[in-house]
Amino acid sequence: MATSRRILWVDDEIDLLRPHIKLLQAKGYEVDTVTNGEDAIALVRQQPFDLVFLDESMVGMGGLETLAELKDLRAAMPVVMVTKNEAESVMEEAIGRRISDYLTKPVNPTQILLACKKHLDGQKIEADYASRDYIREFNQTAMQLMSPLDWEEWVQLYVKMTNWEIEFDRHRDIGLEQTLADQKKDANAEFGKFVEKNYKSWLNPDNPDRPHLSPDVINHHVLPLVKNDTGPVFLFVIDCMRLDQWLVMEELLTRYYSIQKNYYFSILPTATTYCRNAIFAGLYPSEIEQHYPDLWQGGNDDDHSQNKYEKELLDKLLQRKRINLRSGVRYVKIIDTDFGKKIESEITSYAQSQLSAVVVNAVDMMAHSRSDYPILKEIAPHESAYRSLTRSWFEHSSFFGMLRTLSGIPNVQIVVTTDHGSIRCMRGAKALGDRETSTNLRYKYGRNVKVDDKFAIHVRKPEEFKLPKRGMMTEYVIAKEDYYFVYPTEYHYYLNHYRDSFQHGGISLEEMILPIATLTPR
């Protein structure tokens, strides 16, 4: 039952509404009444109300005029317009003046009570139902985690958990966020075992039970659209974008596009050097190194040194598939805001090509900057805030601007995906290596790399994981769950420095299970 919720009802025939008012009072609402707009404005000046029912047609100051005054006084106060007038123009004007709801006379008690519950108690009711539903699903998930799951069931479980995270973002006082986080931690432990057991079998192209992996993305999700040749095709690859980050972006895109989602698994290590090259080449890293050694160069595993030839790799993929484009591939990599705005202003010209590929680095830069700048960690201290930061970036980004513009291009087809995700690293694992060992936090390669088996997968034969050998004695270690590698030298300093940072390269649900969204303009 509602308690201490104050309602103002404004109607010049208020006596006819006494049965409705008594019903609301019986349900625990306090109801004040006035018969004209002037008195309503005077009363709202004196005290706050949680909800206003406002007659549209009154003697003297009309409902729409009163509405404008009320919103100037208390912009956030919900106002429900009640009217006999069913004209579309009146509805549109009411909506334009920020009406919260619209009821047509004669109203019945159920309509009135529903409006009160919706605007005064809706969030609490939704939270109560969400809490009840999650507790039921929590038990179902716990049972699932005690049974063997195939890759499709892992996708379903991860999607379900991610949807609950976003649901809890809307109900921050529900008190179940830590319960969900703990269960997700358990899920990642089991997922690590699952990947360790099955990953090598997925690399066999004749395996009918394997998921799509990074080299399959363009072959299965982009080239069929190009071959159909019904309109320009755009591939957007957002570096280091997780499923939850995509879902907060997707909410802003549904007014422009119908969206179909599929999922694929990133190859290991889940780092840009390996994953994004594999996407554009349609090949595994060892195959790129073998067939195109000039396009796979040694050196540090960073975006600038190892991902310089994505367009060339895509050209080679199209040649192997015997796909001849009328004007070649348009490719661009956006690494700063000014350049992004420039491409946004030119994006319609890209629609003249059959296939355009756009790499957006902003999300990856956001993840790394959070570790480097304390103000960003203060803005995004936890997962929910990190999603909120992502949404804020996207809403004002050149990427969103491009997608809005492209939604007006006839027959355009857009694929949005990512090369890998990231995980919030909370536990350090001591790693040993020589001077030649790589410095990555979630994976390492070298000749004498030592990490406890419970923290990582050891890849002693890189060719079995279709990874470059990088020398005769090279082996890889790839972190599981939310572990990150720390050397013994200045161990405690680096343990604290990198704790609670978003990293990638390892094995986790967040890094490996990735969305592929196909956007069709509405």
Check: surrounded by fewer than 12 Cβ atoms within 10 Å (Cβ to Cβ) and out of contact with any Gly (no Cβ under 7 Å at 6 or more places or on another chain), is that true of residue 87?
Finding: yes
Next item on the list: Give the residue that is nearest to the chain's Cα centre (by Cα), with candidates limited to residues of segment 477-490 that are surrounded by 13 or more Cβ atoms within 10 Å (Cβ to Cβ) and either over 26 Å from residue 197 (Cβ atoms) or modelled with pLDDT under 95 (or both).
Entry: 486
Notebook entry, point to check: Name the helices (runs of 4 or more DSSP H) wholly within segment 207-298 that hold at least 3 residues that are farther than 24 Å from residue 150 by Cα and assigned by TED's automatic domain parsing to the domain that holds residue 330?
Noted result: 223-228, 243-253, 272-281, 285-291
Check: Could you count how many residues in segment 336-350 are modelled with pLDDT under 95 and either in contact with a helix residue (DSSP H, G or I) (Cβ under 8 Å, 6 or more places away or on another chain) or outside the structural domain of residue 247 (by TED's automatic domain parsing) (or both)?
Finding: 1
Next item on the list: Starting from segment 328-353, take each residue that is under 15 Å from residue 236 (Cβ atoms) and list its partners that are among the charged types (D, E, K, R) and surrounded by 14 or more Cβ atoms within 10 Å (Cβ to Cβ), counting only C-beta distances under 7 angstrom and pairs at least six apart or across chains.
Entry: 329/311; 329/315; 331/310; 331/311; 350/330; 353/330
Note to self: Can you tell me which residue is nearest to residue 509 (Cα to Cα) among those in segment 441-494 that are assigned to a helix (DSSP H, G or I) and out of contact with any Lys or Arg (no Cβ under 9 Å at 6 or more places or on another chain)?
What the structure shows: 494
Check: Which ones in segment 40-96 are of a type in the set (Val, Ile, Thr) and closer than 23 Å to residue 109 by Cα?
Finding: 52, 79, 80, 82, 83
Check: Could we say that residue 254 is farther than 30 Å from residue 311 by Cβ, crowded, with 16+ Cβ neighbours inside 10 Å and among the hydroxyl-bearing types (Ser, Thr, Tyr) here?
Finding: no
Margin query: Return the pair list, or none, for Cβ contacts closer than 8 Å from residues in segment 85-100 that are over 10 Å from residue 56 (Cβ atoms) to residues that are small (Gly, Ala, Ser) and in a helix (DSSP H, G or I), at least 6 apart or on different chains.
Written below: 97/68
Notebook entry, point to check: Taking segment 75-84 as the search range and keeping residues that are touching a residue at least 24 places away in the same chain (Cβ under 8 Å), surrounded by fewer than 20 Cβ atoms within 10 Å (Cβ to Cβ) and farther than 14 Å from residue 41 by Cβ, which one is nearest to the chain's Cα centre (by Cα)?
Noted result: 78
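Matching residues to (1) acidic (Asp, Glu); (2) at pLDDT below 90; (3) crowded, with 18+ Cβ neighbours inside 10 Å:
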| residue | (1), (2), (3) |
| --- | --- |
| 14 | no, no, no |
| 22 | no, no, no |
| 30 | yes, no, no |
| 46 | no, no, no |
| 53 | no, no, yes |
| 73 | no, no, no |
| 94 | no, yes, yes |
| 102 | no, yes, no |
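The values are calculated or read from the model by the stated rules, or taken from the named source; none is laboratory data. It should be emphasised that the depicted structure is a prediction, and the values quoted were computed from it without experimental measurement. Note: ideal-geometry Cβ built from the backbone for every residue, glycine included; neighbour counts use all protein chains shown.
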